[in-house]
Each structure stands twice: as structure tokens, then as C-alpha cells.
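The values are calculated or read from the model by the stated rules, or taken from the named source; none is laboratory data. Everything quoted here is computed from the prediction, not taken from an experiment. Neighbour counts run over all protein chains shown; Cβ positions are idealised from the backbone, glycine included.
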Amino acid sequence: MADPISTEPQSQGDPYLAFQVSKGEIFAFAATSVREVILQPADSITPMPNVAKQVLGMFNLRGRVIWVGDLAQLLGLPSQFRSDRPEVPLLAIEHGNVLMAVMIDQLGGMVWLNRQELQPISGPAKLQTFCRGERPATETGRAIRVLDPTVILNPQHWSL
């Protein structure tokens, strides 16, 4: 990432995996919902016909077919997908028995956040739908919006 998410030392709270999606905005998933970080060759993601625009396609991960979604488009942000990229950074997120990979722009790192200290996010209603809250910007770090994997993985958000 261009600048650090935070220079604060690891502190109290739960671990979250932070990343950029679009326009340098920082988001995070609880570490328990991230199954794997994947650098997937762009040409190995097979586009599918008659799917929503935010569905990029699918690929084979060790014998399992994984759907790939454009997280930026889902959140109402400009897409960062470029097929000329040698590899596409993906987060395989999981809730219950649902597993899906979402494309991100750039991986950040682990941050520790106290869920009780998250504040409601400002911004478009569509973005608020997918977020549990945010840690506002501090002197030592940028704002981090925490995404809700149960909402993100809801099939209604990925269908036509």
C-alpha cells in the first residue's frame, strides 16, 4: 500500500485483514472469515455468461470451483479489474458452508480492532449495507471500514 494503514502497535481487539479495494479506501474482514489470500493469474478466471456484472467468473482451486466477485463493483466503487494484470489479488472469504473469492486492489496487513469501538460509516447507503462499521482515521492511520461477510456472501447481491 502507498502509505501505512496504521503505525499503532498491535493492541487490544480482534485481528482483521485490511486491504484496499478502490481509490485507496481501506476495508477489512475479520481474520476468522478469510480462508486464504490468493494471487490468481487473470487469464485463469473463466468468465461466465448471463451473470451479474460484479461476477468476474470462476476458477479451480485445488479441485474446487470458486466463484470470483469484483468487490469494488459490489460496494458501488469503481472496478480495479484489469485483464492485463499478470495476477489478480483475491481473498477467499467463508461463512458457514459458503466460500467465494473477492477481488481486491491491494493487500494491506493485519490490524487489531475492537468491534465495540466501531462507529457507523458515512457514505452511500449501498456501502453502509455491507459494512459493520468503521474505525475512524487517526493521527497514525487511515479509516478502516469493516465488512460483514454474511452480507457480502448473500447470493442476492451476486445475482442478476
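If you go through region 1-48 and pick out every residue that is of a type outside the set (S, T, N, Q), modelled with pLDDT under 85 and under 19 Å from Leu127 (Cα atoms), you end up with 2. Does region 140-160 hold any residues that are touching a residue at least 12 places away in the same chain (Cβ under 8 Å), in a loop (DSSP other than H, G, I, E, B) and surrounded by 14 or more Cβ atoms within 10 Å (Cβ to Cβ), and which are they? Correct list: Arg142, Ala143, Asp148, Leu153, Trp158. Within region 121-139, being assigned to a helix (DSSP H, G or I) and among the charged types (D, E, K, R) holds for one residue alone: Lys126. Regarding Met58, is this residue free of Cβ contacts under 8 Å to residues at least 12 places away in the same chain and either under 18 Å from the mean Cα position of the chain (by Cα) or not in a strand (DSSP E or B) (or both)? When the stated conditions are applied, Met58 does not pass them. Scanning region 118-135 for residues that are surrounded by fewer than 16 Cβ atoms within 10 Å (Cβ to Cβ) and either among the polar types (S, T, N, Q) or modelled with pLDDT of 90 or more (or both) turns up Gln119, Pro120, Ser122, Gln128, Thr129. Sub-6 Å Cβ pairs linking a first residue in region 14-36 that is small (Gly, Ala, Ser) to a second residue that is in a loop (DSSP other than H, G, I, E, B), at least 6 apart or interchain, are Ala18/Ile5; Ser22/Leu77; Ser22/Pro78; Ser22/Gln80, ordered by first then second residue. Take the conditions (1) of a type outside the set (A, V, I, L, M, F, W, C); (2) surrounded by fewer than 17 Cβ atoms within 10 Å (Cβ to Cβ); (3) within 23 Å of Lys23 (Cα to Cα); Gln80 misses just one of them, which is (2). Kindly indicate whether Glu94 is within 16 Å of Pro15 (Cβ to Cβ), in contact (Cβ under 8 Å) with a residue 12 or more places away in the chain and either surrounded by 14 or more Cβ atoms within 10 Å (Cβ to Cβ) or touching an Asp or Glu at 6+ places or on another chain (Cβ under 9 Å) (or both). Yes: the conditions hold for Glu94.
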